[in-house]
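Asks: Just dropping this structure here.
Just so it is clear, none of the values below were taken in a lab; they were calculated from the coordinates. Everything numeric in this text was worked out from a predicted model, so none of it was measured. Note that we place each Cβ from the backbone using ideal geometry, even for glycine, and neighbour counts take in every protein chain shown.
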Amino acid sequence: MTEMGWLEIIGWMVAAVVKFLVTPTAMVAAGVPWYEVWIVSTLGAAAGVAMFWNFGKWLFSWWEGMRGPRNERGKKVFTPSRRRFVNLKNRAGLVGLMAVSGLISVPVATMLAAKYFRDAPFAMARMMLAYGLWAGWLTFISVWVKSLAA
């Protein structure tokens with residue numbers, strides 16, 4: 001992290017949380033070395049996962065508390081779209097969410113994981129790992145494309 005100042009690092013980390021898919025490419029285009037791109041993108045996404053994981057757990061617990069116990073709300077209605085979503089969630093699981101996490105934003109993927117997979121062992125750490133792998137892959141692709149253009 002020799003070339004960037006702390007303010008720039010924090011800015012890139014925030015960008016990794018907000019727009020993870022484009023942050024490594026923007027960093028490579030800005031001339032940041034590949035190893036710094038990977039480290040900063042991974043740390044930014046990991047910080048976002050930690051923040052939104054806890055926020056998501058709190059939000060969904062609060063929402064359930066506001067709505068009251070399930071038996072007081074009546075029978076759960078299963079529409080065709082809900083049934084498809086449940087089937088997809090059950091088939092793909094946390095691994096499927098990890099596989100597409102780089103394509104959707106850090107807050108959305110993390111809150112989905114916090115809602116549906118919070119009891120899975122090491123789920124938060126696995127989401128952080130997924131973003132680290134995505135950051136590596138996006139950094140590699142960005143550096144490769146930049147080298148072709150040079």
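Asks: For the stretch 4-15, give me the residue count where each residue is of a type in the set (V, I, T) and within 13 Å of the chain's Cα centre (by Cα). Working first, answer last.
Replies: Start the filter on the stretch 4-15 by keeping residues that are of a type in the set (V, I, T), which leaves 9-10, 14.
With within 13 Å of the chain's Cα centre (by Cα) added as a condition, the list becomes 14.
Residues flagged as of a type in the set (V, I, T) and within 13 Å of the chain's Cα centre (by Cα) within the stretch 4-15 amount to 1.
Asks: Let me ask you something else. Test V18 against the criterion of being under 10 Å from the mean Cα position of the chain (by Cα) and closer than 18 Å to L138 by Cβ, and give yes or no. Give the steps one after another, and end with the answer.
Replies: Values: under 10 Å from the mean Cα position of the chain (by Cα): yes; closer than 18 Å to L138 by Cβ: yes.
Considered against the rule, which asks whether it is under 10 Å from the mean Cα position of the chain (by Cα) and closer than 18 Å to L138 by Cβ, V18 comes out as yes.
Asks: Just checking, how many residues over the stretch 122-138 are touching a residue at least 60 places away in the same chain (Cβ under 8 Å) and among the aromatic types (F, W, Y)? So that I can check it myself, show each step before the final result.
Replies: Here is the first cut: in the stretch 122-138, the residues touching a residue at least 60 places away in the same chain (Cβ under 8 Å) are 124, 127-128, 131-132, 134-136, 138.
Among the residues that remain, those that are also among the aromatic types (F, W, Y) are: 131, 134.
Of the residues in that region, 2 qualify.
Asks: I'm checking my understanding of the structure. Among residues of the stretch 40-95 that are within 19 Å of A123 (Cβ to Cβ) and of a type in the set (S, T, N, Q), which one is surrounded by the most Cβ atoms within 10 Å (Cβ to Cβ)?
Replies: Only one residue fits best here, namely T42.
Asks: Which members of the stretch 1-47 meet the condition of being more than 18 Å from V145 (Cβ to Cβ) and β-branched (V, I, T)?
Replies: Of everything in the stretch 1-47, those that are more than 18 Å from V145 (Cβ to Cβ) and β-branched (V, I, T) turn out to be T2, I9, I10, V14, V17, V18, I39, V40, T42.
Asks: Just to be sure I understand the filter: pairs with C-beta atoms under 8 Å, separated by 6 or more residues or on different chains, first member in the stretch 98-121 and under 13 Å from V17 (Cβ atoms), second member of a type in the set (K, R). Which pairs pass?
Replies: Pairs found: S105/K19.
Asks: If you go through the stretch 1-47 one residue at a time, how many are in a loop (DSSP other than H, G, I, E, B), of a type outside the set (A, V, I, L, M) and farther than 15 Å from W134 by Cβ?
Replies: Our first condition is that a residue be in a loop (DSSP other than H, G, I, E, B); within the stretch 1-47, this holds for 1-5, 19-22, 30-33.
Cutting the leftovers down to of a type outside the set (A, V, I, L, M) gives us 2-3, 5, 19-20, 31, 33.
When the remaining residues are screened for being farther than 15 Å from W134 by Cβ, the result is 2-3, 5, 31, 33.
Adding up the residues that qualify gives 5.
Asks: Out of S101, S105, S142, I need the residue that is in contact with a Lys or Arg (Cβ under 9 Å, 6 or more places away or on another chain), surrounded by 14 or more Cβ atoms within 10 Å (Cβ to Cβ) and of a type in the set (S, T, Y). Which one? Before you say what the answer is, go through the steps one by one.
Replies: Values: S101 fails: in contact with a Lys or Arg (Cβ under 9 Å, 6 or more places away or on another chain); S142 fails: in contact with a Lys or Arg (Cβ under 9 Å, 6 or more places away or on another chain).
Answer to the selection: S105.
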